[in-house]
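Reviewing the structure listed below.
The values are calculated or read from the model by the stated rules, or taken from the named source; none is laboratory data. Everything numeric here is computed off the predicted structure, so don't read it as measured data. Because the Cβ atoms are built from the backbone with ideal geometry, glycine has one as well, and the counts that use them run over all protein chains shown. Side chains are part of the model used for accessible areas, which takes the heavy atoms of the whole protein and leaves out ligands, DNA and RNA. Shrake-Rupley method; radii C 1.70, N 1.55, O 1.52, S 1.80 Å.
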Amino acid sequence: MIAELAAIAICIIAGVPVALAIDPRSRGALLLALSFLYGAGVVYFSMLLHPSLALIVIPLAVIAWRRRVAAAENLKPSPIDLITLLTAIGYATFATIARLWQWDFWAIWGLKARAFFEASGIDWAFLRGASSKFAHADYPLLVPVLYGFVADLRGAWSDRWLGVISVAFAIAVLLVVRSMTASEIHPHASAATTLAAAAFAFTPFVGLADLPLAAFATAAILFLQRDDDRNGALLLGIAANCKNEGLALIATVAIATLLTRPRRLLALWPALALAAPWQILRAMHGLRGDLLIGDVAARASARLATLAPLFAELARAWPLPLLCAATALAFAIAKPREVARVRFVIIVAVLQIAVYVVAYVITPRDVVWHIATSFGRLVSHVAIALIAAAGIAVGRTLERNVEAS
């Protein structure tokens, strides 16, 4: 576990100057979360060039931390935070009780990480080879590179404690939710919203890239919701380096921006800049996905002719029914003007889920199997941000009702 904790610490230290350079007002829990998220991005982009480059920013980080350590964030605690903390301890136990067990970890994320570690860098020959066809060679590499970084620190490959990385991403996204909702609503409401978000942050899919994507995506969406384009666009770009769905998220965020505040569309350019390197490298090495192979139009026509089974399977796919019911109830309780304040998040979430539905319409795989094995993970990409938005809308409504009475 020492190597995993060291990797997390290095990410945090590396990310501090980045977080403070982007927003010098970042404090406390939010600064800690952003430092880890940005630090993971620093490690990823550095490892694409040379592992030692990931350590360049440590002296700058120490200087920045010394200058900012006295300006701590003053989050008002709530008894509900204790429940979230206990839940986090339980999740940490679950995530580290044994070696990582998910098939996708063995076949995709862990396999690539081990190949990169043994090759002392990105193994392009492996990614281009026939043996990597099932490993989705076209997927971005942030998560495998991060796992390979852990192995570099250890000096040997081991997946026994890699679940600690998932725990770090889960805690980071909950700290973002807690900090950003605390500036909008009462501490108890903020804590309750964070506890609700934990249902999706503490995912059973330990070791996969869905949780890191959800962490970056949630932070990006919430920052953009409050017009912080610098943090939002950069985090959105890093999200696109976790999974291909992160690239789709850039498109859905762009559409939501056009619909809600079109003048801010150009501010999203850093997301494209950070997404571009992997897309260029992927094209250079001829790495293709399987979603668009074969006769896409024929598959889509056949499935569109019988949509009922598709939507029936989607409706049964956990946790979509819970998410829809909970957020619908929350937005029904909230005042319309408070719902309107978070409409950006709602639009992004709806559009992103719609993108996933389209993917199921054109998938070359058995659609029932594809939905059953992936939709629960995909929903989590936007679920946490949607829960945060619902919590803000309800919390502000309750506060206004109290003030009115």
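Some notes on this structure:
- Phe200 of a type in the set (A, V, I, L, M, F, W, C), in contact with a Ser or Thr (Cβ under 9 Å, 6 or more places away or on another chain) and open to solvent by 10 Å² or more (accessible area, probe 1.4 Å): yes
- Ala189 being more than 24 Å from Trp109 (Cβ to Cβ) and open to solvent by 20 Å² or more (accessible area, probe 1.4 Å): yes
- Pair list, Cβ under 7 Å, 6 or more apart: the range 300-315 residue over 11 Å from Val361 (Cα atoms) and of a type outside the set (Val, Ile, Thr), other residue modelled with pLDDT under 75 and part of a helix (DSSP H, G or I): Leu314/Leu320; Ala315/Pro321
- Every condition in (1) surrounded by 14 or more Cβ atoms within 10 Å (Cβ to Cβ); (2) in contact (Cβ under 8 Å) with a residue 60 or more places away in the chain holds for Gly286 except the one numbered (1).
- Which listed residue, of Ala113, Ala92, Ala98, is within 18 Å of Arg160 (Cα to Cα), small (Gly, Ala, Ser) and in contact with a Pro (Cβ under 6 Å, 6 or more places away or on another chain): Ala113
- Condition met for Ile108 (modelled with pLDDT of 90 or more and closer than 15 Å to Ile165 by Cα): no
- Matching option when the condition is in contact (Cβ under 8 Å) with a residue 24 or more places away in the chain and either under 21 Å from Phe200 (Cβ atoms) or open to solvent by less than 30 Å² (accessible area, probe 1.4 Å) (or both), among Val368, Val350, Val342: Val342
- Residue within the range 190-213 that is in a helix (DSSP H, G or I), within 27 Å of Tyr147 (Cα to Cα) and of a type in the set (S, T, N, Q) present: no
- The range 289-334, subset modelled with pLDDT of 85 or more and β-branched (Val, Ile, Thr), residue most open to solvent (accessible area, probe 1.4 Å): Ile333
- Residues of the range 250-272 classified as assigned to a helix (DSSP H, G or I) and either open to solvent by less than 50 Å² (accessible area, probe 1.4 Å) or among the basic types (Lys, Arg) (or both), total: 13
- Pairs, first touching a residue at least 12 places away in the same chain (Cβ under 8 Å) in the range 206-218, second of a type in the set (Lys, Arg), C-beta under 6 Å, six or more apart: Ala209/Lys243; Asp210/Arg377; Leu213/Lys243
- A single entry from Ala130, Ala64, Ala125, Ala113 fulfils the requirement of being modelled with pLDDT of 90 or more, of a type in the set (Gly, Ala, Ser) and closer than 30 Å to Leu48 by Cα: Ala113.
- Any pair with Cβ under 9 angstrom, 6 or more apart, that starts in the range 84-104 at a residue that is within 15 Å of Glu4 (Cα to Cα) and ends at one that is hydrophobic (A, V, I, L, M, F, W, C) and open to solvent by 80 Å² or more (accessible area, probe 1.4 Å): Thr96/Met1; Leu100/Trp106
- Qualifying residues in the range 105-119 (those that are in contact (Cβ under 8 Å) with a residue 40 or more places away in the chain and open to solvent by 40 Å² or more (accessible area, probe 1.4 Å)) - the one nearest to Phe200 (Cα to Cα): Arg114
- Per-region count, the range 155-173, residues assigned to a helix (DSSP H, G or I) and either touching a strand residue (DSSP E or B) at 6+ places or on another chain (Cβ under 6 Å) or open to solvent by 10 Å² or more (accessible area, probe 1.4 Å) (or both): 4
- The selection criterion, being of a type in the set (Phe, Trp, Tyr), in contact with a helix residue (DSSP H, G or I) (Cβ under 8 Å, 6 or more places away or on another chain) and within 30 Å of Ala107 (Cα to Cα), holds for Phe200.
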